[in-house]
There are 2 protein chains.
Amino acid sequence: MAANIKYLGQKAAQLVDVDLMSKHGYAIEQLMELAGFSVAQSIAKEYPAGKVLLCIGPGNNGGDGLVAARHLKHFGYKTSLYYPVQPAKDLYKNLLHQCDIHHIPVVTDLTTEAKSSDLIVDAIFGFSFKGSVRAPFDQALDILRGVNTPIVSVDIPSGWDVEHGDVQGVGLRPDMLVSLTVPKLCAKQFNGRFHYLGGRFVPPDMAEELKVPKYPGTDQCVRLA
Amino acid sequence: MAANIKYLGQKAAQLVDVDLMSKHGYAIEQLMELAGFSVAQSIAKEYPAGKVLLCIGPGNNGGDGLVAARHLKHFGYKTSLYYPVQPAKDLYKNLLHQCDIHHIPVVTDLTTEAKSSDLIVDAIFGFSFKGSVRAPFDQALDILRGVNTPIVSVDIPSGWDVEHGDVQGVGLRPDMLVSLTVPKLCAKQFNGRFHYLGGRFVPPDMAEELKVPKYPGTDQCVRLA
């Protein structure tokens, strides 16, 4: 665990998000682009080019995953999407269309695809997750837990409580966690190999208050542990 | 001049832009974020941290400049804006507000500011420019031409014809040119020290057709010459 890092609870994380968009005037497309890019860059720092399966949830965490898939493709990775619940919102439809234009296929046989990939990105649930995992994601998480392919979780290991970690015993144990904006409390219980932070868009006053660490050079991600 | 590079005319450049947004479903906020970031990263590759004055025009070229200003600030540069014509469009208002939140001041005394800066970013006119330079930008370009501070032009050296270069004798001679998406024809006449390309969002089929060069690693810019 990195020193001097602040960990946010669920409510505080939601307030930070609201502030970025309402008070600081960011468009969701900007934040998602930079967040998804930072996930892709974190992956490129630790895993060689190969086959990456991105598991996409129905909300903003999934949106970050769609952006990451596109950038990973640009970086030379072979990427595919598992995206069983596709909301009708223009934001997500456009991001999916961009993936399509980049020849990133949507797959349905999760077991086969998970086994044949070199890396899995878990972009299913983010910091808004509450309650228990519902279909079809309960089964999906069962499958991800059952394969040996290393997992990169975006912001929150899916199924984990945002503050208390894996209290429901979902059992996902990611190899890498890419926290976004500021780590959430559950990140304290992450014990995989790589903990990164992404989302280099926090304005200076907010960054000071939230103890956001310094990013090196022009990197959009920084390793925390 | 780099080998195997395609240079676009004004109409072709406009069609590429339309395709990216209508056919490929990109939001202007996404494209501008990645384009502006690539300008900031190109600068960081060649110029040490210092004081950068960004001259912002009234259109999308100016928007790229506003985004670049924010990222340069994150990279440790001291940045200020000269932004004499501020359109009422939400897109630009939000980008300016983000600069404000990042404590990037808007200055009015261009001569003093240009002389006391280590670098000037010319984000005044882009690939839509036609005709002659109108007030207050005619005077602004006179001032920029008259100082010794090196200039980085975004996509098009302002006042140059997009296809034929400095046919009006405006006289801007940038030290760096950051072409966006694909170089425009006037870039053939650029003879400053650094020619970069940014805007790593062109989908593969379009990239092949437009002969977009390969970007290294996770970089959002590539040096052409």
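Things to note:
- Percent carbon-and-sulfur accessible area, chain B, ignoring ligands, DNA and RNA, probe 1.4 Å: 51 percent
- Karplus 3J(HN,Hα) series, Hz, for the range A:110-123 with 6.51 cos²θ - 1.76 cosθ + 1.60 (x for Gly, Pro): 4, 4, 4, 5, 5, 5, 8, 9, 8, 7, 10, 9, 9, 10
- Two-decimal Rg/Rh across the protein assembly as shown, once Rg and the Kirkwood Rh are taken from alpha-carbon atoms: 0.99
- Beta carbon of chain A nearest to the axis of the rotation taking A to B, residue and angstrom distance: A:Glu29, 2
- Most mobile of B:Ser42, B:Ser158, B:Ser22 in a GNM of chain B (Cα contacts under 10 Å): B:Ser22
- Copy-to-copy label separations for B:Gln168, where each label sits 7 Å from Cα toward Cβ, in nm and ascending: 6.2
- The mean accessible area for residues of the protein assembly as shown, using a 1.4 Å probe and ignoring ligands and nucleic acids, is 39 Å² per residue.
- By the rule of a C-alpha distance below 25 Å, with chain neighbours fewer than 8 residues away ignored, the lysines paired with A:Lys23 are A:Lys6, A:Lys11, A:Lys89, A:Lys184, A:Lys211, A:Lys214, B:Lys73, B:Lys78, B:Lys89, B:Lys93.
- Kirkwood Rh, Cα atoms: Rg over Rh of the range A:40-165: 0.93
- Mean projection area, nm², convex hull over Cα of chain A: 11.2 nm²
- For B:Gly126, nonlocal amide neighbours, meaning residues 5 or more places apart or on other chains whose placed amide H falls under 5 Å from its own, are B:Asn61.
- Residue mean of other protein chain beta carbons inside 10 Å, B:95-106: 3
- Inter-copy spacing of B:Ser128 label points, which lie 7 Å from Cα along Cα→Cβ, given in nm from shortest upward: 3.3
- Note on chain A: GNM, Cα springs under 10 Å; of A:Ile104, A:Ile156, A:Ile43, the largest mean-square fluctuation is that of A:Ile104.
- ³J(HN,Hα) computed for each position of the range B:207-216 - Karplus, 6.51 cos²θ - 1.76 cosθ + 1.60, integer Hz, glycine/proline x: 5, 5, 4, 8, 6, 5, x, 6, 8, x
- log₁₀ of I(q)/I(0) at q = 0.22, 0.23, 0.30, 0.35 Å⁻¹ - the range B:152-192, Debye sum with one point per alpha carbon: -0.58, -0.64, -1.11, -1.46
- Across B:Pro84, B:Pro204, B:Pro174, mean-square fluctuation computed from a Gaussian network of chain B (C-alpha pairs under 10 Å connected) peaks at B:Pro204.
- Each copy carries A:Asp109; placing its label point 7 Å along the C-beta direction from Cα gives inter-copy distances of 7.2 nm, listed from smallest up.
- Note on A:216-225: average number of Cβ atoms from other chains within 10 Å of each residue's Cβ is 3.
The values are calculated or read from the model by the stated rules, or taken from the named source; none is laboratory data. Since this is a predicted model, take the numbers as computed values, not measurements. Please note: Cβ atoms are built from the backbone with ideal geometry, for glycine as well, and neighbour counts cover all protein chains shown. Surface areas here come from the heavy atoms of the whole protein model, side chains and all, with no ligands, DNA or RNA. Shrake-Rupley method; radii C 1.70, N 1.55, O 1.52, S 1.80 Å.
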